[in-house]
Amino acid sequence: MMAHAKPVVVTVTDAALAGIQGVADRLTAAGMAVDQVLPVTGVITGSCPPGAKSLLRQVDGVHSVEDGASVQLPPPGSDAQ
């Protein structure tokens with residue numbers, strides 16, 4: 001993962017769904033580190049520098065770019081409920 005990169009979730013347009021791998025390639029060229037391409041849901045996950053989200057939104061086939069959720073589990077044996 002890139003230094004200071006933030007997780008992002010990209011949703012592709014319905015028209016671009018059949019070419020989702022091409023969208024992922026264009027996102028990579030625009031500065032995103034792609035982690036997963038999920039063709040069934042039309043979602044691409046990964047990370048990018050904080051200032052790059054506006055560039056990702058301009059990529060052909062992108063419907064939206066949202067901040068990804070970061071989940072941290074409590075350590076084993078903790079009292080977290």
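The values are calculated or read from the model by the stated rules, or taken from the named source; none is laboratory data. None of these values were measured; they are calculated from a predicted model. As a convention, Cβ positions derive from the backbone with ideal geometry for all residues, glycine included, and neighbour counts pool all protein chains shown. Calculation scope for accessible area: heavy atoms of the full protein, side chains included, ligands and nucleic acids excluded. Shrake-Rupley method; radii C 1.70, N 1.55, O 1.52, S 1.80 Å.
Computed from Cα positions, the angle between helix 20-29 and the longest principal axis of the chain comes to roughly 80 degrees. Based on C-alpha pairs under 8 angstrom that are at least 6 apart in sequence, the chain has a relative contact order of 40 percent.
Once backbone amide H atoms are built at 1.01 Å from N, Thr13 has Val62, His63 as its partners under 5 Å, excluding neighbours fewer than 5 places away on the same chain. Computed with every protein chain present, the accessible area of Asp60 is close to 110 Å² [probe 1.4 Å]. In this simple spin-label approximation, Ala29 and His4 carry label points 7 Å from Cα along the Cα→Cβ vector, and these lie 2.6 nm apart. Over the C-alpha atoms of the chain, the Rg to Rh ratio, Rh being the Kirkwood estimate, stands at 1.09.
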